[in-house]
Amino acid sequence: MSESQKTRPEFLSRRYFLWSIGLFCAHAKPPLSLVHALSRQQTRPSASLKGDMNPQSGSDTADRVRQEFLHAWNGYKQYAWGHDELKPLSKGYEDWHKAPLYMTPVDSLDTMIVMGLDQEAAKTREFIVNHLSFNHDVYVKNFEITIRILGGLLSCYQLTNDKGLLQLAEDLGNRLLPVFSSPTGMPYVNVNLKTGGVRDEETNPAEVGTLLLEFGTLSKLTGKAIYYEKAKRALTELFNRRSSIGLVGSGINVKTGTWTDPTSHIGGGIDSYYEYLWKSWLLFGDKDCEQMWKTSIAAVNKYLADDSPSGLWYGQANMNTGARTGTEFGALDAFYAGLLALSGDMDRAQRLEESGYKMWTAFGIEPEVLDYSKMKIAFNGYALRPEIVESAYYLFHYTKSPRYLEMGRTFLDSLVKYCRTDVAYAALRNVETKEKRDKMESFFLAETLKYLYLLFAPPETLDLTHVVVNTEAHPLRATWVSG
Ligand code: DMJ
């Protein structure tokens with residue numbers, strides 16, 4: 001373990017241990033401290049950043065990102081208002097279900113608040129509180145609705161103190177609870193928001209283990225323990241099914257509790273399970289989560305890390321034997337450098353981000369999946385994903401190295417060059433030909449542009465000693481703990 005691995009988590013441990021004393025108390029003070037922490041940057045341009053050696057200042061770039069956010073948001077408002085997503089090429093809209101759940105506005109609201117777009121934020125919040133309803137006979141994917149909508153509502157409640165947002169979050173939480181009714185306590189994939197019907201028992205670690213930050217926060221803010229308990233049990237049941245060498249696979253059945261795919265990796269389908277082990281320890285001071293994280297990360301670094309000639313990567317291995325089964329790394333895996341940095345492993349974090357940057361610059365923009373053993377594309381789309389930017393943000397936060405600002409400018413320039421349309425931003429069908437796709441996922445506004453903004457904004461914009469960000473970049477704070 002390196003020096004940097006030892007020191008910061010110990011500091012965090014003490015702080016978060018204190019927070020854990022207040023479990024299930026109503027929040028001890030109003031969430032104004034978070035608003036304050038965020039609002040200091042909202043009305044004035046930021047000062048230039050420490051370590052920013054580039055002629056173009058951090059504040060200029062932050063302002064540029066804010067303009068790009070407005071460009072995309074205005075496109076959504078003009079062509080897709082009241083629907084889930086904008087279709088940026090055909091200038092139409094798309095809803096995930098037969099009734100819209102306002103995915104883009106809910107997911108984007110705290111980005112507006114963070115960026116100081118106060119009027120847009122106020123109008124959007126009012127619209128959400130007055131019009132969003134979950135009383136629809138539709139099956140929704142528990143994972144997506146939790147990270148995007150439940151997480152967004154809880155974060156915005158903490159940022160604005162608007163009780164209507166907490167009421168919506170509680171209503172949604174209650175409608176999602178039936179997912180945990182499987183024999184193992186691990187959630188079914190889909191739940192009907194009106195009838196409580198559940199379906200689809202084949203799932204993966206990310207969908208089982210990426211719920212505790214949101215359900216746990218809902219418990220803390222409402223004083224009702226059930227949400228925390230259900231999500232924690234699911235996480236623990238999953239962890240308990242790890243192999244004898246400490247790895248999890250890619251597929252699991254929630255009825256039988258048996259693995260359906262033994263491939264282990266850190267990418268899509270598993271990724272945020274690891275993220276929530278560490279972050280649940282940070283946010284709730286939950287020692288079980290800290291222990292589960294420690295066990296898991298040791299196995300991940302032992303069997304999945306791959307020090308190859310082209311740099312440090314994380315590939316695939318069999319969860320039972322640890323034998324390498326693949327050398328693929330992609331846009332989703334790139335979150336891992338940020339998680340390593342957040343948990344104190346700066347050495348691996350920095351080396352992995354360099355690899356991710358190589359993946360980005362080799363093609364002008366990153367592919368969804370790369371075979372790093374040959375540096376060849378395995379899947380050539382780009383979905384406007386945030387993960388590599390998220391990692392640059394964490395790394396800059398902890399190191400203050402201008403290297404990460406340089407990376408951030410490259411990311412921004414590529415996005416503008418290849419993904420910008422006349423009305424918004426579009427995903428790429430092919431990163432080699434740069435052919436666009438008629439899709440702008442809400443996470444582009446919730447995450448990609450938020451992390452880019454935060455990278456260049458004054459460091460106090462988000463106080464990472466008090467705030468934990470969910471996997472959809474919604475900041476959460478332990479407002480239920482005094483001190
Ligand atoms: C987001 O919805 C979340 O970050 C999730 O954890 C992974 N996929 C997307 C962004 O790529």
(message) Among the listed residues Tyr79, Tyr93, identify the single one that is more than 21 Å from the chain's Cα centre (by Cα), crowded, with 17+ Cβ neighbours inside 10 Å and either in a helix (DSSP H, G or I) or of a type in the set (Asp, Glu) (or both).
(response) Tyr79
(request) Looking only at the stretch 252-296, count how many residues are touching a Phe, Trp or Tyr at 6+ places or on another chain (Cβ under 7 Å), more than 19 Å from Leu476 (Cβ to Cβ) and part of a helix (DSSP H, G or I). (result) 2
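Results for (1) open to solvent by less than 10 Å² (accessible area, probe 1.4 Å); (2) farther than 26 Å from Pro459 by Cα; (3) not in a helix (DSSP H, G or I), shown as yes or no for each residue.
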site: Lys98; (1), (2), (3): no, yes, yes
site: Asn130; (1), (2), (3): no, yes, no
site: Gly152; (1), (2), (3): yes, no, no
site: Cys156; (1), (2), (3): yes, no, no
(request) Mind listing whichever residues of the stretch 371-413 are touching a helix residue (DSSP H, G or I) at 6+ places or on another chain (Cβ under 6 Å) and not in a helix (DSSP H, G or I)? (result) Leu384, Pro386
(request) For the stretch 335-358, indicate whether the set of residues that are within 15 Å of the ligand (Cβ to nearest atom), modelled with pLDDT of 95 or more, in a loop (DSSP other than H, G, I, E, B) and hydrophobic (A, V, I, L, M, F, W, C) is non-empty. (result) no
(request) Looking for whichever is in contact (Cβ under 8 Å) with a residue 12 or more places away in the chain, crowded, with 23+ Cβ neighbours inside 10 Å and either farther than 24 Å from Gly116 by Cα or of a type outside the set (Gly, Ala, Ser) (or both) here; the options are Glu460, Glu472. Which one fits? (result) Glu472
(message) Any residue at all in the stretch 283-294 that's within 21 Å of Asn190 (Cβ to Cβ) and either open to solvent by 40 Å² or more (accessible area, probe 1.4 Å) or not small (Gly, Ala, Ser) (or both)?
(response) no
(request) Only residues that are closer than 23 Å to Tyr93 by Cβ and of a type in the set (A, V, I, L, M): list them for the stretch 396-430, please. (result) Leu415, Val423, Ala424, Ala426, Ala427, Leu428
(message) Testing His265 on (1) within 18 Å of Arg241 (Cβ to Cβ); (2) in contact with a strand residue (DSSP E or B) (Cβ under 8 Å, 6 or more places away or on another chain); (3) away from the ligand (no atom under 16 Å from the Cβ), one condition comes back false. Which one is that?
(response) (3)
(request) Have a look at Val423, Val416 and point out the one that is in a loop (DSSP other than H, G, I, E, B), among the hydrophobic types (A, V, I, L, M, F, W, C), away from the ligand (no atom under 16 Å from the Cβ) and in contact (Cβ under 8 Å) with a residue 60 or more places away in the chain. (result) Val423
(message) Here's a check for you: in the stretch 359-380, which residue that is under 22 Å from the mean Cα position of the chain (by Cα) and open to solvent by less than 10 Å² (accessible area, probe 1.4 Å) is nearest to the ligand (Cβ to nearest atom)?
(response) Glu366
(message) Please verify whether Leu454 is within 16 Å of the ligand (Cβ to nearest atom), surrounded by fewer than 24 Cβ atoms within 10 Å (Cβ to Cβ), modelled with pLDDT of 95 or more and part of a helix (DSSP H, G or I), treating the condition exactly as stated.
(response) no
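The values are calculated or read from the model by the stated rules, or taken from the named source; none is laboratory data. These numbers come from a predicted model, not from an experiment. No Cβ is skipped: glycine too gets one built from the backbone with ideal geometry, and neighbour counts run over all protein chains shown. Just so you know, the surface numbers come from the protein's heavy atoms only, side chains and all, with ligands and any DNA or RNA stripped out. Shrake-Rupley method; radii C 1.70, N 1.55, O 1.52, S 1.80 Å.
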